[in-house]
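Computed from the coordinates by the stated procedures, all read-outs in this text should not be read as laboratory data. Treat the numbers as computed from the prediction; the structure is a model and nothing was measured. We place every Cβ from the backbone using ideal geometry, glycine too, and count neighbours over all the protein chains shown.
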Amino acid sequence: MYCCFLEHTWVLLRFNVQYCFYYEFKVAFIHLNVSLPVEIFSSPLAGDITQKGYEKKRSKLIGAFLPQAPGMDPSVPHERRTPVTPGSSSRYHRRRSSGSRDERYRSDVHTEAVQAALAKQKERGKMAVPMPSKRRSLVVQSSMDAYTPPDTSSGSEGEGSMQGEGTPTSSQSSINMENWISRAIHGSTTSSTTSSSSTQSGGSGAASRLADVMGQTHLENHSAPPDVTSYTTDSIQVERPQGSTTTSRSTPKYGNAELMETGDGVPVGGRVSAKIQQLVNTLKRPKRPPLREFFVDDFEELLEVQQPDPNQPKAEGAQMLAMRGEQLGVVTNWPLSLEAALQRWGTISPKAPCLTTMDTNGKPLYILTYGKLWTRSIKVAYNILHKLGSKQEPMLRPGDRVALVFPNNDPAAFMVAFYGCLLAEVVPVPIEVPLTRKDAGSQQIGFLLGSCGVTVALTSDACHKGLPKSPTGEIPQFKGWPKLLWFVTESRHLSKPPRDWFPHIKDANNETAYIEYKTCKDGSVLGVTVMRIALLTHCQALTQSCGYTEAETIVNVLDFKKDVGLWHGILTSVMNMMHVISIPYSLMKVNPLSWIQKVCQYKAKVACVKSRDMHWALVAHRDQRDINLSSLRMLVVADGANPWSVSSCDAFLNVFQSKGLKPEVICPCASSPEALTVAIRRPTDDSNQPPGRGVLSMQGLSHGVIRVDSEEKLSVLTLQDVGTVMPGALMCVVKPDGVPQLCKTDEIGELCVGSIATGTSYYGLSGMTKNTFEVFPMNSVGALISEYPFTRTGLLGFVGPGGLCFIAGKMDGLMVVGGRRHNADDIVATALAVEPMKFVYRGRIAVFSISVLHDERIVVVAEQRPDSTEEDSFQWMSRVLQAIDGIHQVGVYCLALVPSNTLPKTPLGGIHLSESKQLFLEGSLHPCNVLMCPHTCVTNLPKPRQKQPEIGPASVMVGNLVSGKRIAQASGRDLGQMEDNDQARKVCVLCCSLRAWFSSTPSTLARSLNHGLWGTIASSLTCVQLHKRAEKIATMLAERGHLQDGDHVALVYPPGIDLIAAFYGCLYAGCVPITVRPPHPQNIATTLPTVKMIVEVSRSACMMTTAVICKLLRSKEASAAVDVRSWPPVLDTDDLPKKKPPLLYKPSNPDTLAYLDFSVSTTGMLAGVKMSHTATSAFCRSIKLQCELYPSREVAICLDPYCGLGFVLWCLCSVYSGHQSILIPPSELEVNPALWLLAVSQYKVRDTFCSYSVMELCTKGLGLQTESLKSRGLDLSRVRTCVVVAEERPRIALTQSFSKLFKDLGLHPRAVSTSFGCRVNLAVCLQGTSGPDPTTVYVDMRALRHDRVRLVERGSPHSLPLMESGKILPGVRIIIANPETKGPLGDSHLGEIWVCSGHNASGYFTVYGDEALQSDHFTSRLSFGDTQTIWARTGYLGFLRRTELTDASGERHDALYVVGALDEAMELRGMRYHPIDIETSVIRTHKSITECAVFTWTNLLVVVVELDGSEQEALDLVPLVTNVVLEEHYLIVGVVVVVDIGVIPINSRGEKQRMHLRDGFLADQLDPIYVAYNM
């Protein structure tokens, strides 16, 4: 017979002995004032009690989730189950055999729900998630040899679960699930979690082949990536484009590393290309609807706000009323204080046993009588008041706080010390024994002791001996602890009090009795103060509600130092002269049945346990025959407020009912440190108060309402009541956040208690005290419900009919994700229900939330068993993710597995949650497996930007204004006229200059230094020597090379004098020189092909080099790298002819090519630009004017002389201006980092030039040597300008740290500045000597992504410092233009930097004939405004800003700020990101990240980090990198690659070669330590 109900809410179950095994589904009802649909509940009590009826109803309920075999009737069960009779406990035998299950979270119905959810996910056809890749060394290190088996005594909250010794293994005895479940498990593994894994990093042939194919066919074509779903083990032949060769590498693979084939037949092998492809496909079908495509300008409202679901359940009940407990009965003989009670029993019944302690064999170790307790407590009281300090200055006075440090196996010593403190009127603060100096949470305990002003710690003799000692035998000061005097309380160490001394026993008053510590969610430890009157009232309330009487025996398994164990086992027991049998935790680990044996042995009336103790008893009870629990009248379940304790209670009753256990004996209670006992179920035979059950929808609970789920009938939470309100107390339920307003009857809220018997304050924290202990609940109209304050309990729940309290979770375990509430314990239960569980330790799972991007994100950390494989763990992890998603409709942000025994523990072996969270956030957790799922969790990203059509030119252009702003254009000072009008000088100004210096002065033109202690001069060159040497080289080119005017010559020289001579020799002979970096002797295979490419692309007719490099080019290694037969003729300039050339070449046209400048850009493009004689001379003149270079000057140059400004400074400027150059090859600094600075100091140089790589080398290499350099006489005070030559945004952090580091050596911070050049113009800006200092502005990084400049104050959130790139060179004009429309932009607007100058390059030089494509780089015109001027496009984004400073001409100074290269910028979510910004954020996240590079592939952001640390730290970086990129850049990282130091390629200018890195990644050549694919 089914009962029909109205709309919704929750249900209660009358507990019936006969049918209690139906606890999974069956619910009976009590009259409710708010009702609910009845579908999910059927009651076997109401007639239909046959097994067949149960099965029929059950299959009807879960039929929707079963994968049906064809033609099968869903109502017919798949397997006949043996009927369960009350006497049969076979079901529990089956369950028990899986021994290690943490039974607090056990629920068969939940397990079935999880399996059904997984099966449903399988039906949806989930995508295969790529498995992370690990280097083999990392796998070997995390193998089973590396770990000791963990201490299995643990639990998520308090103490823990236990591996049942001697029980069958879980594999042979897992719970008997139906066939469909096992089919679902085995079936779903193929589709949902199969993955190609390769853990060796040698690279995979298929991946490299794929990368080669992709290299030939441009990646742009792969806009729709192929579908990766099926796997094949056949070897796949890849057709190669003509002319390419394949070298197939076969390497042993770790794990399952088959090739995969995509849907359209493209083979993707290897762990990189294939997995990224797989990941792309996983993300192709978004789980949630895509965000609306529009862009909101207001940054404050940029983040997508979670819109409440209009269909979400809302509370509809009436407003609840405060519940009042029964009146606290006044019993005439109740003592007036606890000390008075002790005095009474100690004198009236001194022989009565008070406490019996057990040893680890279960034998009574010691019996403390009331007489001994009384006399010893007096002794302790006397000694702490009179024997510490001096008579005049005692250390302790009444009211002072004292720490009690006693181990868990010595309750007698603790009890004596506690009552001694009460008698002495000092305040005991019981804490755990610190085992090491670095215990989890120990520092916070120390903070509590310090804030309480504790100076004395009472302890036992054994404990004192066991504390860590220093070599001198003293107890060291624990980290964060105050200095303590350790005082042993054993009687033999104490003085006897004089006969006339007697403690003053007062009535209970408002003084503090004791302080109980409480660990908060964030790990901080607070002290809850309990007054003497509250202590007494609480004992009276417990005595009344539990019906305690004199001389009853009580078995206590709980921690006696705090909470329920303290209240029942130490305090209330003494008030009622009860006998406590204390079971230490160590005995429970050896014999889990010990507490039951003691109940039988002592015929105990009451036992205080946790649900884990009941579970352990279930595991071990089979060996016992003579158990009789009929003496028990009350079994207090201390963690009955945990919703998952209900299954332990039911299972325990089911097994032990046959052993005399009465159903009404089980009494769950709810407690909290602040409110003490909140509610307790009364031990009664009164059928008017049956135990209650509530089967609530988890979906409803997440919205804070009480509902029965109508759709997902399996995601439910079964609650048991924790009894009624305590006597003399008032209870109400208020909304968990905001003002304390009363909840409705069908709403979940925080329980608040108004009573004398609660804590009073958090010691020393008045603000937090007010929020917790002084709460005044209000009704819906805002009126207070009571004039007395209430105390928040920290428990979430509701009060049902009959005043029964139900607890659904704790505030500390509450995680609010996307506006919905989830409880950590519920998530743990779901993870534990995922079978098979043999890969992780049950009860060693931590669940917490971290805040990322303005929302909570769920993190699950579990301890992995050492014998589980990568594949097994990964499969279990992916199934946990699916189960949590299916049951709770919430995504897990990160799931991590750590090696066994590595999660921090609480003193009783449970997981220390806040410490685990702290380690996770610091990157010190060292997981062995990580799975990040930001794509499914993060749903509040900003809306993708949609670019608006530009405004037409007519409406914005008025004279020199754009949209009301000055046009962003600026110019350097005028270059002026040449010194004379000699046309020939103008044409070949450098040759003429050299001859002029040759005839006028024999002074040294250049010195080249090599490494030595003080930088010995390797070679020097005067103008005469240079002129004569150049003439001989010109002769050689004509005679031996047979070259014509205009032929191209490749100069392959190391940095030095030879290069300069060869360059001028080419000019004298009328040839066009191309400087090429020689191949590196130790790395020919990678450096020689670049040389070959430049020689071929530049169409060089011959090569000039030294004898050493000649030999290198013809070596075996060289022939292995390139085809050496195709080299042009190679001339060795070490062997020059003696005679002079008959005639030196003089070009007739000033626009004749002077030289070609070849360089590899950061995007990996080889680009050569043509420099004419006119441009070259204009360039030299511009630099001479800007830097004031005169013949008397000495300039130190530490740059590579092969391209850009480095080449011009090295080879051209000194000849043009006549000053002396000191040339320092940057490669020499790798041997002697101080060489450059020593040379600058020794030669008293005023102007010096370097690159970022040189500056970084000095900063890192000399950071700790400034004192020794100073003592060697290094002095940088004469340096006027130190210019960093670069083609990028100025690196402010590096220049500032360089300035700070060498400030002590005399370097002026104003001296350090940067320059800016690019391919089309080798130097646009250079600070020079005169003019204002470079300025720095702060811009909003979020605005930059939208191509706008918004200036902000320093230190603003999202602010980015930008430094001016030096002053604009003479003869250079700059304008900022829109790169798409080519229209001019206004001041402080972001656009492309265009440049017009006499020293612009005249075009690209390539052999491929695509100059036309790039022609507008050199000859662009504005689309409106000044359309006549011809500009060159730099390809860099930046902006001009007019400053308040004035330049030399008296005009206001225009500063140019470079933001980044257009080629490098990444378009993601419609916004433009510059890699350097993301990289800067990532490097900041962890001390072990030394370098970082980012790039995109098929819209995925790939982050590569270099790890400077042990490989075990590699996985710590994955969550940190993901977090910081989300927080600061609103981007989800697709792939995190952890590599060794030095893997990220960097060019000679110190710029990252991100495209080379990307190619290496896709070709699987990086040998990564770890690759994580974020789902």
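Taking a sphere under 12 Å around the Cβ of Arg1484 and counting the other residues whose Cβ falls inside, with K and R at +1 and D and E at -1, yields a net charge of -3.
Between rounded, prolate and oblate, where does region 1056-1099 land on the alpha carbon gyration tensor, with a ≥ b ≥ c its root eigenvalues, rounded for a/c under 1.5, else prolate if a/b exceeds b/c?
Cα axes put region 1056-1099 in the oblate bin.
Rounded to the nearest Hz, the phi-derived 3J(HN,Hα) couplings of region 1232-1242 under the Karplus curve 6.51 cos²θ - 1.76 cosθ + 1.60 (θ = phi - 60°) are 10, x, 8, 3, 4, 5, 5, 5, 4, 6, 5, where x marks glycine and proline.
With each label modelled as a point 7 angstrom along the Cα→C-beta vector, the Arg1125-Gln1296 pair spans 6.0 nm.
Phi angles of region 1474-1487 translate, via the Karplus equation with coefficients 6.51, -1.76, 1.60 and θ = phi - 60°, into HN-Hα couplings of 9, x, 4, 5, 5, 5, 4, 4, 5, 4, 6, 6, 8, 5 Hz per residue; Gly and Pro are given as x. For region 1364-1393, the list of GluC sites (Glu not before Pro) that fall in a loop by DSSP and count at most 14 other C-beta atoms within 10 angstrom reads Glu1380. In this structure, the amide hydrogen of Gly1046, modeled 1.01 Å from its nitrogen in the peptide plane, lies closer than 5 angstrom to those of Cys1071, Val1072, counting only residues at least 5 positions away or on a different chain. The label point for Thr1406 and the one for Gln312, both projected 7 Å from the Cα toward the Cβ, are 5.5 nm apart. In whole percent, what relative contact order does region 1223-1348 give with Cα contacts below 8 Å and a gap of six or more residues? With pairs under 8 Å counted, the relative contact order is 22 percent. Each Lys and Arg Cβ is given +1 and each Asp and Glu Cβ -1; about its Cα centre, region 834-939 then shows a dipole of about 240 debye.
Work out the FRET efficiency for Thr1419 and Glu1096 from their Cβ-Cβ distance, taking R0 = 25 Å, and round it to the nearest 0.05. Result of the calculation: an efficiency of 0.40. Normalised by the number of residues in region 1201-1273, the average gap of Cα pairs under 8 Å and 6 or more apart makes the relative contact order 21 percent. Couplings 3J(HN,Hα) for region 1294-1305, derived from phi with the Karplus relation 6.51 cos²θ - 1.76 cosθ + 1.60 (θ = phi - 60°), are 5, 5, 5, 5, 5, 4, 5, 4, 9, 4, 5, 9 Hz, where x marks Gly and Pro. A convex hull fitted around the alpha carbon atoms of region 1331-1430 yields 145 Å³ per residue.
For Lys947 and Val739, the difference between the fully extended length at 0.36 nm per residue and the C-alpha to C-alpha distance is 70.5 nm. Spin-label model, Tyr366 to Asp522: label points 7 Å out along the Cα-to-beta-carbon direction sit 4.1 nm apart. Between amide H atoms placed 1.01 Å from N, distances below 5 Å from Thr1335 occur with Glu1364, all of them 5 or more places distant or on a separate chain.
The overall shape of region 501-641, judged from the alpha-carbon gyration tensor, is oblate: a/c is not under 1.5, and a/b is no greater than b/c. Pairs spanning more than 18 Å between alpha-carbon atoms, out of Lys562/Lys605; Lys379/Lys496; Lys1270/Lys1303; Lys1260/Lys1487; Lys735/Lys810: Lys562/Lys605. If the segment from Leu1264 to Leu467 were pulled out straight at 0.36 nm per residue, it would be longer than the present Cα-Cα gap by 282.9 nm. Between Val840 and Arg865, the built amide H atoms are under 5 Å apart, and every one of these is 5 or more places off in sequence or on another chain.
The alpha carbons of region 1477-1575 stretch over 32, 32, 25 Å along the principal axes, in descending order. Based on the Cβ-Cβ distance from Ser137 to Arg1040, what FRET efficiency comes out when R0 is 60 Å, to the nearest 0.05? Here the calculated transfer efficiency is 0.65.
Sorting 361-367, 1208-1214 by their mean Cβ neighbour count within 10 Å, with the most densely packed peptide first, gives 1208-1214, 361-367. Got a sec? Which residues in region 311-348 would a label at Val781 touch, if it sits 7 Å along Cα→Cβ and we count backbone N under 17 Å? Label zone hits: 318-322.
FRET efficiency for the pair Lys391 and Lys483, taken as 1/(1 + (r/R0)^6) with r the Cβ-Cβ distance and R0 = 25 Å, rounds to 0.65.
Taking other residues whose beta carbon is less than 13 angstrom from the beta carbon of Asp1247, and scoring Lys, Arg as +1 and Asp, Glu as -1, yields +4.
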